[in-house]
1. Test residue 54 against the criterion of being modelled with pLDDT of 90 or more and either more than 20 Å from the chain's Cα centre (by Cα) or on the phi > 0 side of the Ramachandran plot (or both), and give yes or no.
2. Considering the stretch 9-21 alone, what residues qualify as being in a helix (DSSP H, G or I) and within 16 Å of residue 252 (Cβ to Cβ)?
3. Of the residues in the stretch 72-89, how many are in contact with a helix residue (DSSP H, G or I) (Cβ under 7 Å, 6 or more places away or on another chain) and under 17 Å from residue 29 (Cα atoms)?
4. For the stretch 178-224, name all the residues that are at pLDDT below 80, part of a loop (DSSP other than H, G, I, E, B) and over 16 Å from residue 114 (Cβ atoms).
5. If you scan the stretch 19-33, which residues turn out to be closer than 30 Å to residue 51 by Cβ and in contact (Cβ under 8 Å) with a residue 24 or more places away in the chain?
Amino acid sequence: MAKKVSLDRLDCLKERKDKLVSRLFMKKLELLLEKEKNYLHKCAYCQKLFTKGQRKVLSCAKGRAMVDHSGQIRAKHVIDRSWDLKKFVTFVRETYRISWKEIYWKVWSYLYIFKCERCQEFYPIAEMGNCRFHKLQCKVKASLHGPLGSTYEFECCSQTVDVYEVLNGKRGSTCGCVQQMHEAENCYQVDAKKERKVVGRIISHQLIILENPSDKLLDKIPIKYSQADAQGQTDASQPQSASTTPPVVIIKPSSLNYKISLSQAVRDFSKYDQLPEDQYLQIDEEDRQISKDQMQFDQLDDSLNSYVPAPSKSNNHAGQSTAHQWQLNWQKEEEAMRKKLERGAINQMKSKLAAQNRQQNNVNNDNQK
């Protein structure tokens, strides 16, 4: 069924208990990750997610620098051999209680990368709002540890950089004190027809997939096509000039922790994975023995209910106070949800210990008889 139902159709389906749609998105995610080109690896240095095909053009902020074929200084990602993607997805589902629909689109946002026209860096869709720049130019800084002109300093934020970074024009998501949206130039290794489809899905799911969204919702993403693609686009649009394109529908999130990005989840998962086994609090894990290769997503509970408080309508004059009140209500709902989950875990542990005590008492009574 998951193979026959399209993604656009699944986004439109709604049900009260959210059981069928969640399972279909879970199976869709399994089918997506079965392909080798879609497998997400983790960098051993910066802990960013990427595919093998994206490793050729993506840069690592903490890796070892090298000179590429164009004479630019850059560092490639290094694949972490201990990374287990299925275990990570299971951790995200059980820890943050995010729906399978939102997990699918968050993973999907790392499978396509764009090139920014402003910083000339490649970035995944999830990091579309991570383009950084400096407001003021850099100037030479006097240094006692090197010759004059070897160190520069930006006047806006007092950040010091090496002369090689200045000559190389190092920009992107790791250099800059001001953050803004990337200016998408083109999608890497994707034709124009599929690129327009990807852009439409970005606009529809921007509330779910973007880690640092802008203040306003995106209504369009201008893409610069090549001359051949632009000619094909105009030719394809000529017979459909009379028809109007349908408006893009913004998909609203349904989970409480939908703002959790996969980058933050990777950092939390690395801390969790490094803890010794005696510090884990695993409930009902003794009853099932699952290997990493045989772990499937359908062993999780898909009937978890989540609640997202809707924003109240307000005038423009009371926008700031309403946003502050909405944030306070959001924090209260989040704290109440966390306390509810903790109480449920504690009660489940108590019931399990009580059952073990009753079983031990019955064994002692039998021995005494």
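1. Working: modelled with pLDDT of 90 or more: yes; either more than 20 Å from the chain's Cα centre (by Cα) or on the phi > 0 side of the Ramachandran plot (or both): no.
Here the answer is no, as residue 54 does not meet what is asked.
2. Filtering the stretch 9-21 for residues in a helix (DSSP H, G or I) gives 9-12, 20-21.
Matches in the stretch 9-21: 10, 11, 12, 21.
3. Filtering the stretch 72-89 for residues in contact with a helix residue (DSSP H, G or I) (Cβ under 7 Å, 6 or more places away or on another chain) gives 72-73, 76-77, 85, 88-89.
Next, from what is left, pick out any that are under 17 Å from residue 29 (Cα atoms): 85, 88-89.
Of the residues in the stretch 72-89, 3 are in contact with a helix residue (DSSP H, G or I) (Cβ under 7 Å, 6 or more places away or on another chain) and under 17 Å from residue 29 (Cα atoms).
4. Just the residues of the stretch 178-224 that are at pLDDT below 80, to begin with: 178-179, 214-215, 222-224.
Narrowing further to those that are part of a loop (DSSP other than H, G, I, E, B): 214-215, 222-224.
Matches in the stretch 178-224: 215 only.
5. Matches in the stretch 19-33: 21, 22, 23, 25, 26, 27, 28, 29, 30, 31, 32, 33.
The values are calculated or read from the model by the stated rules, or taken from the named source; none is laboratory data. What you see is a predicted model, and the numbers here were worked out from it, not measured in a lab. Quick reminder, even Gly has a Cβ in these numbers, built from the backbone with ideal geometry, and neighbours come from all protein chains shown.
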